[in-house]
Amino acid sequence: MTDMKSAPQYGGRRPKPSGDFELHAWFFMRLSGLLLLILALTHWTIMHFIHRLRELDAAWIVNRYQNVFWPTFDAVLLVFALLHGTNGVRYLIDDYIRHRTWNMIAKGVLYLASFVFLVLGLIVIFMIPGVKVVGR
């Protein structure tokens, strides 16, 4: 059996988890995964079984988005998918990038990319002509 002093160190110390945050992130992954399963299966069923693919075009989407429920549904699906995925990649970064500086850089890039994709996705959802947005 090897002692811990002879175990190799990979570039530095691993960042310490911040107690409550990690617990909340763990619960979020479980709850958002369950919610995503329901939302994604609903989306998949509507798009592939209720409506035929040849029916789905830009006019169909604009017509569908006349009801405020559908852009909200798509926005919730987008937000939870991005947050769930970002949190999962954050776990991977903590597991594989041990050096504190590189860990922070990788997380910064992850958070910036996630924010950009979130903003772009929400712009696409809510800027479709005819979408009913409160105050617009």
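Since every read-out is calculated from the coordinates, none of them should be taken as a lab result. Nothing here was measured: the structure is a model prediction, and the numbers come from that model. Note that each Cβ is placed from the backbone with ideal geometry, even for glycine, and that neighbours are counted across all protein chains shown.
Counting 0.36 nm for each residue step from PHE21 to LEU35 and taking away their Cα separation leaves a gain of 3.0 nm. You can think of it this way: the chain between ARG98 and ASN67 has 6.4 nm of extra reach, that is 0.36 nm per residue less the Cα-Cα gap. Loop-only trypsin sites (Lys or Arg not before Pro) in the stretch 17-57, please: DSSP not H, G, I, E or B, and at most 15 other Cβ atoms within 10 Å. Loop-located and lightly packed - ARG52.
Rounded to the nearest 0.05, the FRET efficiency derived from the C-beta distance between MET47 and PHE126 at R0 = 22 Å is 0.70.
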